[in-house]
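What follows is one structure encoded as structure tokens, with my remarks underneath.
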Amino acid sequence: MTIRCEIVSQDRMVYEDDVDIVVLPGEDGEMGVLPHHAPVLSTLRLGVIKVRKGGEEHVFTVTGGLVDIQPDVVTVLADAAENVDEIDIARAEEARQRAQDILEQSKSEGDMDTYLAMEAALRRSTLRLDVANRYRAGRGRVQRGEEPGEPR
Amino acid sequence: MANAREVKKRIRSVKNIAQVTRALQAVSASRVRKAMERMFHTRPYANKAWNVLTHIANQPGRENLHPLLTTRDEVKSIIVVLVTSDRGLAGPYNTNIMRFALETFGKYEVPARFISVGRKGTELLLRSGQNVMADFSGLPAEPTFADVSAIGRLAVEEYLAGGADEVHLVYTDFVSMIRQDPTRKKLLPLEFRSAEGLVASEYAAGGESKAAYEYEPGEREILDEMVPRFTALQVFQAMLESLASEHAARMVAMRNATENATELAGILQLEYNKVRQQAITNEILDIVGGAEALAQSK
């Protein structure tokens, strides 16, 4: 028994397959979705979507959005989503650094709009880095000595 | 028979036309490629968003959930969002969509007001005496969601304020380079519709969903946020589809024009040859006749 999982971001189809379980960062906490789940419509928080199919596990970052759960299909409408294997670590690091710099600058200048925008940007790039480091090397095993904090 | 100089002049003008249409064809070819790419990128999200709206609309007890889901008892007036192009020379593109829109809504049982996107549509609607409530023309050649979200928002606000009891969307669906179909979608209220094109789902296909949704956080928060945004998104996608259709239609029209011009130039060239030959023959006859007369008079 499988459930159809579709992850779309605003500019493309990210993932589509029949899977065993989907774990989502729901508004009220993590949700594990198995086949024959009751219909749920929920917003998503910044976080990680895990999809398991047979022995494989796929991990995606998501920056928020919406999920439509039907008994046999889960549709994730993400603001932005990315497969962990696609994350470019160098670029993510660069983006984090840039966000950090602008954040410091706007804090000293008291520019509230920029501050909030950059704070969100910083959270996003930190999440991507954490997740990439955590799941890419050794698929699911945490590397010794660098247990990443909860990505928030 | 026309004289040689006149024919030559026509050949030149026809060749000029062919040059212009060939250039337009090349421009459209590159535009249509870009437009198609954009359209295909956003299509999955827009389609899934439409599916989610369908799921919401098909659940039992939806009527009392939200004003945007409630079918009104009496439909007194409607709004039609019509997508056309700003510029002409696109073959039958604008004519087709206008004919479709006027056949469907021109003599609708209740008065229809139009939100027109595209200059051609506005002109044609006004000429046929329709009520145009808003005109969005002169949008950028490659519009972003931010550019067009106002259109969807206007429709939703007008609907909620009671200015209209239904909102329809009319646009040109891009099927392929040689086929674009005028299409209509009913945007508001969200009501039960067949789940055509949905992922094969024994629960959603063909019948009402058996269970109502649970909402996290609250249903009000989600629906307030989501329904207007997804409605605007449908308008955006319709615009991208229409843009790709417009450029494809223009490309085909221009290719036909170029072919016709080339053919016409060929025919005119033959004519010119004939006229020229005739003139030479006449001259030779004159000379021969003159020589003959001189010979006889000796």
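For the range A:24-49, accessible area lost to neighbouring protein chains reaches 10 Å² or more, against the chain alone with a 1.4 Å probe, at A:E27, A:D28, A:M31, A:H36, A:A38, A:P39, A:V40, A:L41, A:S42, A:T43. Rounded to whole numbers, the Karplus 3J(HN,Hα) couplings from phi for the range A:18-23 are 8, 10, 8, 8, 10, 10 Hz, using 6.51 cos²θ - 1.76 cosθ + 1.60 with θ = phi - 60°, and x at Gly and Pro.
Applying 1/(1 + (r/R0)^6) with r as the Cβ-Cβ distance of B:N273 and B:I178 and R0 = 41 angstrom yields a FRET efficiency of 0.65.
Shielding by partners for peptide B:221-231, expressed as the average number of C-beta atoms from other protein chains within 10 Å of each residue's C-beta, is 2.
Counted residue by residue at 0.36 nm each, then reduced by the alpha carbon distance between them, the extension gain from B:S77 to B:A291 reaches 68.1 nm.
Taken about its Cα centre, the range A:87-138 carries a charge dipole of roughly 400 debye when the Cβ of each Lys and Arg holds +1 and the Cβ of each Asp and Glu holds -1.
With contacts defined as alpha carbon pairs under 8 Å and 6 or more residues apart, what's the relative contact order of the range A:3-84 in percent? Kindly include the intermediate steps, with their values, before the conclusion.
Details: 224 pairs, mean separation 27.2, N = 82.
Over the range A:3-84, the number comes to 33 percent.
Summed over the residues of chain B and divided among them, the accessible surface reaches 52 Å² per residue at a probe radius of 1.4 Å.
Got a sec? Charge dipole of the range B:9-134, +1 on Cβ for Lys and Arg, -1 for Asp and Glu; which of B:A49, B:S30, B:V80 is way out at the positive end? Going by the charge dipole, the pick is B:S30.
Whole number please: convex hull volume per residue of the Cα set in the range A:3-84, in Å³? Before the final figure, lay out the partial values.
Values: hull volume 5.7 nm³, N = 82.
Measuring per residue, one finds 70 Å³ for the Cα hull of the range A:3-84.
Strictly greater than 25 Å: what percent of every Cα pair in chain B meets that? Above the 25 Å cut-off, chain B has 60 percent of its Cα pairs.
Helical content alone sets the calculated 222 nm signal of chain A at -10500 deg cm²/dmol, taking -39,500 (n - 2.57) per DSSP H segment of four or more residues and averaging over every residue. Among the lysines of chain B, pairs that are 8 or more positions apart or on different chains and have alpha carbons within less than 16 Å of each other number 5. Along its first, second and third principal axes, ordered by size, the range A:87-138 spans 43, 14, 12 Å in Cα coordinates. With all protein chains present, how much of the accessible area of the range B:1-126 (probe radius 1.4 Å) comes from carbon and sulfur, to the nearest whole percent? Accessible surface attributable to carbon and sulfur in the range B:1-126 totals 54 percent. Leaving ligands and nucleic acids aside, the B/A contact buries around 2200 square angstrom of accessible area in total at a 1.4 Å probe radius. A crude spin-label estimate for the pair B:E283 and B:S128, with each label 7 Å from Cα along the Cβ direction, gives 5.9 nm.
Looking only at B:E259, B:E221, B:E142, which one moves most when chain B is put into a Gaussian network model with springs between Cα atoms under 10 Å? In the Gaussian network model the winner is B:E221. Counting heavy atoms of the protein chains alone, B:R113 has an accessible area of about 60 Å² for a 1.4 Å probe. Rounded to the nearest 10 square angstrom, A:K107 shows an accessible area of 120 square angstrom against a 1.4 Å probe.
A protection proxy built from the mean count of other Cβ atoms within 10 Å ranks the segments B:160-168, B:13-21, most packed first, as B:160-168, B:13-21.
Applied to the range B:137-153, the Karplus parametrisation 6.51 cos²θ - 1.76 cosθ + 1.60 on θ = phi - 60° returns per-residue 3J(HN,Hα) values of 10, x, 6, x, 5, 10, x, 9, 4, 4, 5, 10, 5, 4, 5, x, 5 Hz, with x for Gly and Pro.
Applied to the range B:246-257, the Karplus parametrisation 6.51 cos²θ - 1.76 cosθ + 1.60 on θ = phi - 60° returns per-residue 3J(HN,Hα) values of 4, 5, 5, 4, 5, 4, 5, 4, 6, 5, 4, 4 Hz, with x for Gly and Pro.
How far is helix B:4-58 tilted off the main Cα axis of chain B, in degrees rounded to 10, range 0 to 90? Taking the Cα atoms of chain B, the angle to B:4-58 is about 10 degrees.
What's the FRET efficiency of A:D88 with B:E259 using the Cβ-Cβ distance as r and R₀ = 41 Å, to the nearest 0.05?
Numbers: r = 48 Å, r/R0 = 1.17.
It comes out at approximately 0.30.
With R₀ set to 22 Å, the beta-carbon distance separating B:K185 from B:A146 gives a calculated FRET efficiency near 0.50.
Where does helix A:112-136 land angle-wise versus the long Cα axis of chain A, in degrees 0 to 90, nearest 10? Orientation of helix A:112-136: about 50 degrees from the principal axis.
When Cβ neighbours within 10 Å are restricted to other protein chains, what is their mean count per residue of peptide A:112-118?
Details: counts 0, 0, 0, 0, 0, 0, 0.
The shielding value for this peptide is 0.
For the range B:30-69, a decrease in accessible area of 30 Å² or greater in the assembled protein chains relative to the isolated chain, with a 1.4 Å probe, applies to B:H41, B:P44, B:Y45, B:K48, B:V52, B:H55. Between helix A:89-109 and chain A there is an angle of about 50 degrees, using the helix long axis and the longest principal axis of the Cα atoms. Dipole magnitude for the protein assembly as shown: computed about the Cα centre from +1 point charges on Lys and Arg Cβ and -1 point charges on Asp and Glu Cβ, it is near 2580 debye. Inter-chain neighbour count for A:62-72: the average number of beta-carbon atoms from partner chains within 10 Å of each residue's beta-carbon is 4.
The values are calculated or read from the model by the stated rules, or taken from the named source; none is laboratory data. Quantities reported herein were computed from a predicted structural model and do not represent experimental measurements. Because the Cβ atoms are built from the backbone with ideal geometry, glycine has one as well, and the counts that use them run over all protein chains shown. All accessible areas refer to the heavy atoms of the entire protein, side chains included, with ligands and DNA or RNA removed. Shrake-Rupley method; radii C 1.70, N 1.55, O 1.52, S 1.80 Å.
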